[in-house]
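What follows is a short report on a single structure.
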C-alpha cells in the first residue's frame, strides 16, 4: 500500500460527496488520500433506461477495473448500485451509516390538484428509470404515465423544473447529502413501510482488492456493523433472485434497540405487486422467508 490512498469514484456531485465523506473519515484515522474520477457506462450512456443497458454493474464495472489494474486502492459506491456478487479479486470492505432510506416524490407546484392522491393531476407524467419505483408508483397511482429519466440528481430536478415531467421520484438520501433547496417544489416523503426502498438504499460502501490486506484493515475501522447486519438481509434476497438494481424489488430491514429485525418487502411479479412484512429476533432464515413469500406461486 502506498502512503497516500487512491480513491476511485464516479464524477457526479453525489458520488464526489460520498468519496469526500470517506476521505474525511480516513483523514480522521490519520490516513491521507486522493480522489480519482472514473467514468462508468451508466454515466456515459444517458439515452437508455436501466433495463436497456446490458448486464449488471453499469455504475461499477469501470471502477472495479481500476481496482484490479491497481490504478486505485479503493472505490466508493452507493450500495444499491452494487451487484450482489463481487468480481474475482475484489471485496466489499466497509459500509457507512445509513441516511434516510425513503424515496421522495417531487412535484411541480403549478400542476398540483388538491383532493387527488398525492396531489397529482390526472394522468400525471412521472419520471423514473427504476423498475422498482415504476412498479410501486403504478400500483399507488394507477392513472399515471411513467417516463424514463436519466442524469445525476440536480439534472433530474432541473428536467422537472423545465416542465418535462409533472413529478419525479428520487432517493431522499441524495437530496439530503447534497443539501438541495427544493422549496419551489412540493416534496412528499414516501415512508419505507408503504413505498419500499431498494436493498441498501441510503448506504455507501467501500470496495478494495482482497489481497490488499493493509487497505482492508484500514477500511474495517470505518465499518458500521449494525448497518451491515441489516443490508445483508436485504441484499441476500436480491442475490437469491439473481437480480441487479433493475429488478422491481424493494427490501428494507431495520433493527430495534433489542436487536430484533423488522423487514418490509415488495416485488412485482406477473403484473402483481406482492408485499410482505415480518419481524424476527435473528437473521437466521429471514431472507429465505421473505423470498418464499414474495415468489410463492
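Overview of results
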read-out: Search result, residues across segment 243-255 that are over 16 Å from residue 100 (Cα atoms) and either part of a loop (DSSP other than H, G, I, E, B) or more than 16 Å from the chain's Cα centre (by Cα) (or both); value: 243, 244, 245, 246, 247, 248
read-out: Condition met for residue 255 (under 18 Å from residue 78 (Cα atoms) and either buried (at least 23 other Cβ atoms within 10 Å of the Cβ) or modelled with pLDDT of 95 or more (or both)); value: no
read-out: Candidate set from segment 265-297 (those that are farther than 16 Å from residue 241 by Cβ and assigned to a strand (DSSP E or B)); member that is nearest to the chain's Cα centre (by Cα); value: 277
read-out: Residue check, residue 110 part of a loop (DSSP other than H, G, I, E, B), surrounded by fewer than 21 Cβ atoms within 10 Å (Cβ to Cβ) and more than 19 Å from the chain's Cα centre (by Cα); value: no
read-out: Matching residues in segment 260-287 - criterion: being touching a helix residue (DSSP H, G or I) at 6+ places or on another chain (Cβ under 8 Å) and surrounded by 20 or more Cβ atoms within 10 Å (Cβ to Cβ); value: 263, 265, 266, 267, 268, 286, 287
read-out: Subset tally (residues that are outside any helix (DSSP H, G or I), touching a helix residue (DSSP H, G or I) at 6+ places or on another chain (Cβ under 8 Å) and either outside the structural domain of residue 235 (by TED's automatic domain parsing) or surrounded by 20 or more Cβ atoms within 10 Å (Cβ to Cβ) (or both)) for segment 210-223; value: 0
read-out: First in segment 74-102 and modelled with pLDDT under 95, second anywhere and part of a helix (DSSP H, G or I) and surrounded by fewer than 21 Cβ atoms within 10 Å (Cβ to Cβ), Cβ under 6 Å, 6 or more apart; value: 84/239
read-out: Residue check, residue 181 under 18 Å from the mean Cα position of the chain (by Cα) and modelled with pLDDT under 95; value: no
read-out: Residue selected from segment 113-136 under the condition within 17 Å of the chain's Cα centre (by Cα) and in a helix (DSSP H, G or I), by the criterion surrounded by the most Cβ atoms within 10 Å (Cβ to Cβ); value: 132
read-out: Members of segment 64-86 that are surrounded by fewer than 16 Cβ atoms within 10 Å (Cβ to Cβ) and touching a helix residue (DSSP H, G or I) at 6+ places or on another chain (Cβ under 9 Å); value: 71, 85, 86
read-out: Members of segment 1-41 found to be out of contact with any strand residue (DSSP E or B) (no Cβ under 8 Å at 6 or more places or on another chain), modelled with pLDDT of 95 or more and either surrounded by fewer than 14 Cβ atoms within 10 Å (Cβ to Cβ) or at positive phi (or both), listed by number; value: 24, 28, 29, 30
read-out: Which numbered condition residue 235 fails, given (1) at pLDDT 95 or above; (2) surrounded by fewer than 17 Cβ atoms within 10 Å (Cβ to Cβ); (3) out of contact with any strand residue (DSSP E or B) (no Cβ under 6 Å at 6 or more places or on another chain); value: (2)
read-out: Single residue of segment 139-174 satisfying the filter (in contact (Cβ under 8 Å) with a residue 60 or more places away in the chain and surrounded by fewer than 21 Cβ atoms within 10 Å (Cβ to Cβ)) that is farthest from residue 11 (Cα to Cα); value: 139
read-out: Segment 186-209, residues that are surrounded by fewer than 18 Cβ atoms within 10 Å (Cβ to Cβ) and either under 19 Å from residue 15 (Cβ atoms) or at pLDDT below 95 (or both); value: 193, 194
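The values are calculated or read from the model by the stated rules, or taken from the named source; none is laboratory data. Values in this document were obtained by computation on a predicted structure and should not be read as measured data. Positions of Cβ are backbone-derived with ideal geometry, glycine not excepted, and every protein chain shown enters the neighbour counts.
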